[in-house]
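Colleague: The structure that follows is given in the form of structure tokens.
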Amino acid sequence: MKVEVLGDEKTVVAFALAGVGGKIVSSKEEVLKVIKDSKDVGVFLVVDKYFPSNYEEDFPILVRIPGRAQ
């Protein structure tokens, strides 16, 4: 099972330095599309700004992480 982070560029790069892959997203709809298209990922770490409030599936697991201070 893989773990990926979904968020802004700086967050994705920071996690990449720690060995966690990810994708840069710019909207909640884009997050849902990435989740739907990624069949081999079990856990997504999603920046709170892009966390989809209407996600009700049991798998993959979505974990809300804090984003960068504006």
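Colleague: Starting from the exponent 0.38 and prefactor 2.2 Å, build the expected Rg for the range 22-62 from its residue count and divide its actual Cα Rg by it.
Modeller: Working: Rg = 9.3 Å, N = 41, 2.2 N^0.38 = 9.0 Å.
In units of the 2.2 N^0.38 Å rule of thumb, it is 1.03.
Colleague: Would you compute, for the Cα atoms of the range 1-52, the largest minus smallest coordinate along each principal axis and list the three values in descending order, in whole Å?
Modeller: Answer, in whole Å and largest first: 26, 24, 13 Å.
Colleague: Percent relative contact order of the chain, based on C-alpha pairs within less than 8 angstrom and at least six residues apart?
Modeller: Details: 109 pairs, mean separation 24.2, N = 70.
Relative contact order comes out at 35 percent.
Colleague: Something else: Find the accessible area per residue for the chain; the probe is 1.4 Å, ligands and nucleic acids are left out, and the unit is Å². It would help to have the intermediate numbers written out before the result.
Modeller: Values: 4670 Å² over 70 residues.
I get 67 Å² per residue for this part.
Colleague: Using the charge dipole of the chain (Lys, Arg: +1 at Cβ; Asp, Glu: -1 at Cβ; taken about the Cα centre), state which of G21, P60, V43 has its Cα farthest towards the positive end.
Modeller: Most positive-ward Cα: G21.
Colleague: Once every DSSP H run of n ≥ 4 in the chain is given -39500 (n - 2.57) and the sum is divided by its residues, what mean residue ellipticity at 222 nm do you get, rounded to the nearest 500 deg cm²/dmol?
Modeller: Working: 2 runs with 19 residues, N = 70.
Taking each H run of at least 4 residues, the total per residue is -8000 deg cm²/dmol.
Colleague: While we're on this one: Please enumerate, by chain and number, the aspartates and glutamates with C-alpha under 15 Å from the C-alpha of K33, excluding those fewer than 8 residues away in the same chain.
Modeller: E4, E56, E57
Colleague: Out of residues 5 or more away from R64 or on other chains, whose amide H comes under 5 Å of its own, with H placed 1.01 Å from N in the peptide plane?
Modeller: It is V46, by chain and number.
Colleague: Apply the Karplus parameterisation 6.51 cos²θ - 1.76 cosθ + 1.60, with θ equal to phi minus 60°, to every residue of the range 4-17 and state each ³J(HN,Hα) to the nearest whole Hz, in sequence, with x for glycine and proline.
Modeller: 9, 10, 10, x, 6, 4, 5, 5, 5, 5, 4, 5, 4, 5
Colleague: Sorted by packing (mean other beta-carbon atoms within 10 Å per residue), highest first, where do 61-68, 5-12 land?
Modeller: Numbers: 61-68: 13.1, 5-12: 19.8.
Result, highest mean Cβ count within 10 Å first: 5-12, 61-68.
Colleague: Here is a follow-up. Kindly write out, for the range 18-25 in residue order, the coupling ³J(HN,Hα) from the Karplus curve 6.51 cos²θ - 1.76 cosθ + 1.60 (θ = phi - 60°), rounded to whole Hz, with x marking Gly and Pro.
Modeller: 8, x, 9, x, x, 9, 7, 10
Colleague: Oh, and also: Hey, any idea what % of the chain's accessible area is carbon plus sulfur with a 1.4 Å probe?
Modeller: Working: 2540 of 4670 Å².
Percent of accessible area from carbon and sulfur atoms in the chain: 54.
Colleague: Once phi is turned into θ = phi - 60°, what whole-Hz ³J(HN,Hα) does the Karplus curve with 6.51, -1.76 and 1.60 give for every residue of the range 34-41, x standing for Gly and Pro?
Modeller: Per residue, the Karplus-derived 3J(HN,Hα) values read 4, 4, 5, 7, 9, 8, 9, 9 Hz.
The values are calculated or read from the model by the stated rules, or taken from the named source; none is laboratory data. Given the structure is predicted, the values throughout are model-derived calculations rather than measurements. Glycine also receives a Cβ, built like all others from the backbone with ideal geometry; neighbour counts cover every protein chain displayed. Heavy atoms of the whole protein, side chains included, go into the accessibility calculation; ligands, DNA and RNA do not. Shrake-Rupley method; radii C 1.70, N 1.55, O 1.52, S 1.80 Å.
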